[in-house]
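In what follows, a single structure is set out as structure tokens and then discussed.
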Amino acid sequence: MSQTNAKRPLTILQKSTKKKVTIRLKNEVEYKGKMDNVDTYMNLIMTDAEEIHNDKVIANYGRVIVRGNNVLFIKLENEL
Amino acid sequence: MSQTNAKRPLTILQKSTKKKVTIRLKNEVEYKGKMDNVDTYMNLIMTDAEEIHNDKVIANYGRVIVRGNNVLFIKLENEL
Amino acid sequence: MSQTNAKRPLTILQKSTKKKVTIRLKNEVEYKGKMDNVDTYMNLIMTDAEEIHNDKVIANYGRVIVRGNNVLFIKLENEL
Amino acid sequence: MSQTNAKRPLTILQKSTKKKVTIRLKNEVEYKGKMDNVDTYMNLIMTDAEEIHNDKVIANYGRVIVRGNNVLFIKLENEL
Amino acid sequence: MSQTNAKRPLTILQKSTKKKVTIRLKNEVEYKGKMDNVDTYMNLIMTDAEEIHNDKVIANYGRVIVRGNNVLFIKLENEL
Amino acid sequence: MSQTNAKRPLTILQKSTKKKVTIRLKNEVEYKGKMDNVDTYMNLIMTDAEEIHNDKVIANYGRVIVRGNNVLFIKLENEL
Amino acid sequence: MSQTNAKRPLTILQKSTKKKVTIRLKNEVEYKGKMDNVDTYMNLIMTDAEEIHNDKVIANYGRVIVRGNNVLFIKLENEL
């Protein structure tokens, strides 16, 4: 298993910056918005993010930095 | 215990990329789809994944990156 | 993925010192105030912080140091 | 305490590959089957595993890779 | 981001030794007293500390060493 | 604090191999039996272990390997 | 912040070996007895320890080794 292969999910994640994503945190809350940047720990900065709980938008965030260890998954949206 | 032996479960996992898997997370939710790639931390990227809770498909994901520390287990499916 | 890119969310965070932020902790309590400083672990020191629970201010803090591992996210406010 | 002694439980575990084991995870679910391989983090790959909850078999797994940090204990069975 | 900047919250914390602080732990209990010393992990030793739960003093401690990973935040009091 | 002193609880633990111990895990279940070996992470292998819950023996284990991070404490029994 | 200062709470702890302490664990149970030794991870070995829950002694331990990560705090008693 080469080091290059081992990093691939993080590489794909890195290539998805400036795109729309939906992240779900361990507490089941979701954030949908543009992922401005992300690091290998999955710390990420989002802009124009909607906070979604039980399919309802409950708040809006201009710019928010999420601490990576709270992330359950990151869904890559097809839209820009 | 050689270093090679010690890594074997991760090596087998690595060899299962591009195959169908079902992963169960610690929160009991499952994701079934193609495992596009995985790293040694068990971060993985899946495509065409179904989210399954209590045996019911509750959502579909085109591409999703799961943070490895949430993984309970990864079941290797026999189908492609 | 260059090391510089990988650190970017933390770099943006660092550039937001002396600005107003709202942080939410894993226990759902929020603190709104001036972020005097922050380190790469997301330990941060805030001044004139309001403690907010269920949208109500429940306490005020002159100076408080939050241990980074409790942070869920940090919202960057536009105001100074 | 020599380094050799310090590793002994993992060495014994390593010698039990290809044998039948029952593992209990932190969520109280058990998996009984052949332990194909295991690493020092207790990541393990099992084949022909039964998932057991409250003494009832609730699922079967052809091949499953369990993330080591979920393991409570591994019982070494005497049978092959 | 210089290494010096990155450590600043811990530096300020270190400068507050021998002063009065209130610490809140993850289990919501608070301890108010003199912080005799603290390390970078936020292990700290307090003297003449009151244990406070729901705004009531429920115990007194002559000298107590708190393990840093339990700390939610440390409020710096203005009094000596 | 010399390195030798710092390791002392683990050294005493290491010297108690082949003796009877009762370990309590974080989930409150206890295991009483002979501690065949233990490493510095507190991974341990026990033989002829009784599983005890609420003072009742609920299972017996010929050989079981417990992952160290689950250990709350290890009581050293005086009997062989 | 010198390395010496950074370690000070652990240094004081180390100097309290052979003295009486009360430790409280994260599960709210307390152990009161002589702290025979302790390491920098707060693993500690106690002798003649009383297990205390809700102010009642519920068990006695001749010698017990507590895994450090379970420790909430250690109260230094004045008596020998």
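Quick look at the numbers
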| item | result |
| --- | --- |
| Rounded to the nearest 20 debye, dipole of chain C from Cβ charges on Lys, Arg, Asp, Glu | 320 |
| Loss of accessible area when C meets A, both sides summed, Å² nearest 100, probe 1.4 Å | 2000 |
| Shape call, segment G:3-76: gyration tensor on alpha carbons, a/c limit 1.5 | prolate |
| Candidates per trypsin sites (Lys or Arg not before Pro) in segment F:18-80, loop by DSSP, up to 16 other Cβ within 10 Å | F:18 |
| Given charges at Cβ of Lys, Arg, Asp, Glu: the protein assembly as shown dipole, positive-most of D:38, A:76, B:54 | D:38 |
| Highest-MSF residue in chain A out of A:23, A:65, A:12 [GNM, Cα springs under 10 Å] | A:12 |
| Solvent-accessible heavy-atom area per residue, rounded to whole Å², over the protein assembly as shown at 1.4 Å | 46 |
| Exposure rank, largest accessible area first [D:51, A:28; 1.4 Å] | A:28, D:51 |
| Carbon/sulfur fraction of accessible area - segment A:3-76, other protein chains in place, 1.4 Å, % | 45 |
| Size of charge dipole - the protein assembly as shown - debye, nearest 20, with Cβ of Lys, Arg +1 and Asp, Glu -1, no other charges | 1960 |
| Chain F Cβ-axis minimum, rotational copy B, residue and distance in Å | F:69, 9 |
| Chain G - mean residue ellipticity at 222 nm from DSSP helices (-39,500 (n - 2.57) per run, n ≥ 4, rounded to 500) | -3500 deg cm²/dmol |
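The values are calculated or read from the model by the stated rules, or taken from the named source; none is laboratory data. Note that the coordinates shown come from a computational prediction; the quantities given were computed from them, not determined experimentally. Reconstructed Cβ throughout: ideal geometry from the backbone, glycine too, with neighbour counts over all protein chains shown. Ligands, DNA and RNA are excluded from the accessible area calculation, which covers all protein heavy atoms including side chains. Shrake-Rupley method; radii C 1.70, N 1.55, O 1.52, S 1.80 Å.
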